[in-house]
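Take a look at the structure below.
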Amino acid sequence: HSKRIGGDRIDVYKPAMRARKTDRLTLESELRRAIERQEITILYQPIVRLEDRSIAGFEALSRWDHPKLGRMSPSEFISIAEETGLIVDLGMFVLDQTAKQLSVWQRAMRSREPIFASVNVSSRQLLRHDLIHDIRTVLSRSSVARGTLKLELTESLVMENPEHAAQMLTRIRELGTGLSLDDFGTGHSSLAYLQRFPFDTIKIDQSFVRTTSRGTRPVILKSIIALAHDLGMDVVAEGAETDSDAVELYQMGCEYAQGFAFGEPMDADAAMRLLTEVRLEAAS
Ligand code: C2E
Ligand code: MG
Ligand code: MG
Ligand code: MG
């Protein structure tokens with residue numbers, strides 16, 4: 001009897017797998033076209049200063065508005081873009097659009113400390129492409145305040161080729177670009193080791209930020225914050241979903257947070273409205 005079930009299972013799976021394979025090829029060529037036609041939407045999620053809950057900056061997060069499948073999240077297309085090399089063009093598009101958007105925001109709120117914008121970078125862009133040239137081009141096309149365009153790179157990316165990554169990152173830093181270590185804690189390297197890379201900020205992964213099933217914060221959270229400060233880095237907590245997340249993070253000495261507690265990723269106009277509202281409120 002169990003054999004028959006197994007047999008049925010195989011029959012059901014085979015065509016499904018084939019279908020998925022075809023989809024993958026179709027998706028690849030559709031993604032290539034979407035990037036050429038600039039049909040990638042960039043959303044921006046606020047990163048908030050916990051001290052006064054003002055907006056310190058935004059992280060750029062890509063979405064693909066597929067004609068048939070609807071809005072697709074990065075988990076559905078970034079790996080395709082990486083494997084096919086399309087990530088180089090996609091990455092340049094996101095960098096360029098974000099820098100232009102950042103100039104617009106900074107011009108609109110000239111009187112305050114300039115906000116920053118950060119862009120996620122994949123391994124292929126840093127290690128197998130002339131990212132420095134792209135950054136130069138983008139900076140020359142926009143007028144963002146020095147140091148306010150930032151890149152986010154993960155621990156596993158820099159550990160792929162630590163020597164080369166360290167060299168590239170040092171040169172990128174010299175162009176006046178900020179560097180954030182993304183998803184910290186999900187890799188296996190120590191913060192002391194990562195000190196040899198010129199990061200100015202670490203973003204603590206959401207798995208360390210949220211309360212555990214027992215309702216407590218992971219013990220290590222407080223130590224990561226303290227060590228990052230000892231190493232001269234700013235700390236952003238990812239995935240702050242509730243007000244008590246924000247309050248406790250601030251008590252632990254964390255200066256910035258990002259998460260649904262403060263705003264989901266939003267389009268550029270909504271981000272502008274948010275900045276303007278905050279300004280009006282502060283002015284009255
Ligand atoms: P990430 O860089 O760690 O970005 C943070 C992710 O957490 C985003 O997911 C964001 O929407 C989500 N998030 C923010 N606040 C909360 C919260 O309070 N709770 C929960 N549960 N999630 C929250 P998203 O937009 O789906 O992006 C996923 C990942 O895809 C990003 O992780 C980043 O690694 C990658 N990615 C996104 N856009 C790009 C891009 O333009 N280029 C590259 N190379 N990677 C990108
Ligand atoms: Mg990121
Ligand atoms: Mg992250
Ligand atoms: Mg993440």
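Quick notes
- Normalised contact order of the chain, rounded percent, pairs of Cα under 8 Å and 6 or more residues apart: 18
- Given their separation in residues at 0.36 nm each and the Cα-Cα distance between them, ASP243 and THR170 gain 22.6 nm when the chain is fully extended.
- Helix 74-84 axis, angle to the chain major axis (alpha carbon atoms, nearest 10°): 70
- Global form of segment 149-284, assessed from the alpha-carbon gyration tensor, a/c cut-off 1.5: oblate
- Annotation: extensible slack from LYS68 through ARG53 equals 1.5 nm (criterion: 0.36 nm per residue apart, minus Cα-Cα distance).
- Potential lengthening between SER75 and ARG214 on full extension [0.36 nm per residue; Cα-Cα distance subtracted]: 47.1 nm
- Label separation (ARG112 vs THR41): 2.5 nm, computed from points 7 Å beyond Cα along the C-beta direction.
- Acute angle (nearest 10 degrees) that the helix 131-141 long axis makes with the longest principal axis of the chain, alpha-carbon atoms: 50
- Gap separating the Cα centres of segment 22-72 and segment 118-158, nearest whole Å: 17
- Length-normalised contact order for segment 27-70 - Cα pairs under 8 Å, 6+ apart - percent: 35
- For segment 50-185: rounded, prolate or oblate by the Cα gyration tensor [a/c cutoff 1.5]: oblate
- Mean separation of Cα contacts under 8 Å, 6 or more apart, over the residue count of segment 84-241: relative contact order %: 18
- Taking Lys and Arg as +1 and Asp and Glu as -1, the other residues whose beta-carbon sits under 12 Å from that of PRO218 total +2.
- Cut-off 13 Å between beta-carbons: net charge of the residues surrounding LYS150, Lys and Arg +1, Asp and Glu -1: -2
- The angle between the Cα long axis of helix 220-230 and the main principal axis of the chain comes to about 50°, on a 0 to 90 degree scale.
- SER29-GLU163 pseudo-label distance in nm [points 7 Å out on the Cα-to-Cβ vector]: 4.2
Rule-based calculations on the coordinates, nothing more; no lab input. Computed from a prediction, not measured in an experiment: that's the story for all the values here. As a convention, Cβ positions derive from the backbone with ideal geometry for all residues, glycine included, and neighbour counts pool all protein chains shown.
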